[in-house]
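Shown below is the structure under consideration.
Nothing in this text is a laboratory measurement; each read-out follows from the coordinates by a stated rule. The shown structure was predicted, so the numbers you read here are calculated from the model rather than taken from an experiment. For neighbour counting, all protein chains shown are included, and Cβ atoms are generated from backbone atoms with ideal geometry for every residue, glycine included.
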Amino acid sequence: MTTLKLSPSALALDWSLVATRIKRFIRNYIEKSGMKGIVLGVSGGLDSSTTAALASQAIGGSKVLALSMPEEETYNPADTTHIEMLAEKFDFQVETIDISRILRACYDSLPLYNTEEIRSKGNLKARIRMVCWYYYANRLQRIVCGNSDKSETMMGYYTKWGDVAADISPLMDLYKTQVKQLAAHLGVPHEIITKPPTPALWPGQTAEGEMGIKYETLDLILLGLETFLSPEEIARQLKLSLRLVLDTKARLLANVHKRRMPLTTKLGYRTVGKDFRLPYTS
């Protein structure tokens, strides 16, 4: 059996074919679900911009509503500019909702709220955005389309029941560096493709800074783990410390709870979420 050679070329795909398959997936899901369109969150970042572009090309921009939800602590005017550029190019609808007042109401209502505890505070922001997506989706009879990529999904780098919550997530089987290549193929503006990824949950936050690793390195480690290479082989091929590979694997395993539905005690013949499975549009 030939061992996979871990290099950027191992992540290369036929991007025209990938785009076609994703757009077909989106279109088929909308048609089978009977919904009227898509609601998605858009931040001006790589993942949400790529998803918005694909959704607009799949079902038409008039059926795609992108919700921009800035808040006072992390507002960046460049993000607004990038969203406007993207919407003009791919002809989808944008609605801006400043969630600052909603967040302040939550902070004031929570007895345990602590302004110094940024992680819980940041996760609340992601969950408030999710609530808004689903309100609009319910109100307009649409589905929520997620923006999660494979790198962040495998690493658990998202808010549980927050920014990952969606009815479909078209990019979830593409690593971050692959999303970047797909975005370039689709014509997503260069300014968006090259900006540092951030969840924008607190000021100064960047994804690579928080995870402590560049996506170019992370994606190849994850590809190695995906294809059953040993940590030792991955470290050897990529000329990395074994500790870095083991730490990445440990985080992948530690965050499995984020990638599954809630566990239950199996008591019946078939258990929902485990072995009671149906076609996705039944």
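Need one number: % antiparallel among DSSP beta bridges in the chain, to the nearest 5.
0
Given the options Tyr215, Pro189, Asn255, identify the residue whose Cα lies farthest towards the positive end of the charge dipole of the chain (+1 on Cβ of Lys, Arg; -1 on Cβ of Asp, Glu).
Toward the positive end, the furthest listed residue is Asn255.
Going down the table (Lys176/Lys214; Lys63/Lys125; Lys63/Lys180; Lys63/Lys195; Lys32/Lys63), which pairs top 19 Å between alpha carbons?
In this structure, Lys63/Lys125; Lys63/Lys180; Lys63/Lys195 lie more than 19 Å apart at Cα.
Quick check on packing: order 9-17, 40-48 by the mean number of other C-beta atoms within 10 Å, highest mean leading.
40-48, 9-17
Suppose the chain between Asp14 and Asn138 were pulled fully straight at 0.36 nm per residue; how much longer would it get relative to their current alpha carbon spacing?
41.1 nm
What's the center-to-center distance, using Cα atoms, between the stretch 229-282 and the stretch 37-69 in Å?
Cα centroid to Cα centroid, the span is 28 Å.
What is the calculated FRET efficiency for Glu84 to Glu31, with r their C-beta to C-beta distance and R₀ = 25 Å, to the nearest 0.05?
0.25
A further question on this structure: Please give the calculated 222 nm ellipticity per residue for the chain, where each DSSP H segment of at least 4 residues contributes -39500 (n - 2.57) and the sum is spread over every residue; nearest 500 deg cm²/dmol?
The helix contribution divided over the chain gives -15000 deg cm²/dmol.
Among 187-199, 50-62, 254-266, 163-175, how do they line up by average Cβ neighbours within 10 Å per residue, starting with the highest?
My ranking of the peptides, most packed first, is 50-62, 163-175, 187-199, 254-266.
Using only the Cα atoms of the stretch 121-220, each taken as one equal point scatterer with no solvent, compute I(q) by the Debye sum, divide by I(0), and report log10 of the ratio at q = 0.13, 0.15, 0.18 Å⁻¹.
Scattering profile of the stretch 121-220, log10 relative to I(0): -0.51, -0.68, -0.96.
What does the charge count around Met35 come to, taking other residues whose C-beta lies under 10 Å from its C-beta (Lys +1, Arg +1, Asp -1, Glu -1)?
+2
Mind checking the alpha-carbon convex hull of the stretch 10-201 and giving the volume per residue in Å³?
115
Next question, about the same structure. Work out, in µm²/s and without decimals, the Stokes-Einstein translational diffusion coefficient of the stretch 15-120 at 25 °C, 0.890 mPa s, Rh from Kirkwood over C-alpha pairs.
It diffuses with D of about 158 µm²/s by this estimate.
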